[in-house]
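Written below as structure tokens is the structure these notes are about.
Values quoted throughout were computed directly from the atomic coordinates according to the rules given, and no laboratory measurement underlies them. Just so you know, these numbers come straight off a predicted model, no measurement behind them. Ideal geometry is used to build each Cβ from the backbone, glycine not excepted, and the neighbour counts take in all protein chains shown.
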Amino acid sequence: MVRHECGFEAPIHCKRCGRPLENNERTGLYCPHCGRRVSMLCPGCGRLW
């Protein structure tokens, strides 16, 4: 489960390799396995994750 700063939590998986994503304050959402960076809007508040 990845948690957004507004409190919304969701299980988000990488589209490339299917593994769970991690959230880092500096880089945002990323996949620790393949290195893919993900930009998406938070469904809870509508701001960039």
Among 46, 34, 11 - extreme Cα towards positive end, dipole of the chain, charges at beta-carbon: 34
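Can you pull out the trypsin sites (Lys or Arg not before Pro) in the stretch 4-49 that DSSP calls coil and that have at most 13 other Cβ atoms within 10 Å? Write down the numbers at each step before the final one.
Numbers: sites: 15, 16, 26, 36, 37, 47; in loops: 15, 16, 26, 36, 47.
Those satisfying the criteria are 15, 16, 26, 47.
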Candidate values [x] 10.2, 28; [y] 11.9, 40; [z] 18.9, 62, label of the one derived for Rg and Dmax of the Cα atoms in Å: [x]
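Place a +1 charge on the Cβ of each Lys and Arg in the chain and a -1 charge on the Cβ of each Asp and Glu, then give the dipole magnitude about the Cα centre in debye, rounded to the nearest 20. Write down the numbers at each step before the final one.
Working: 8 positive and 4 negative charges, 55 e Å.
Dipole size: approximately 260 debye.
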Loop sites in the stretch 1-36: GluC sites (Glu not before Pro), DSSP, at most 12 other Cβ within 10 Å: 5, 25
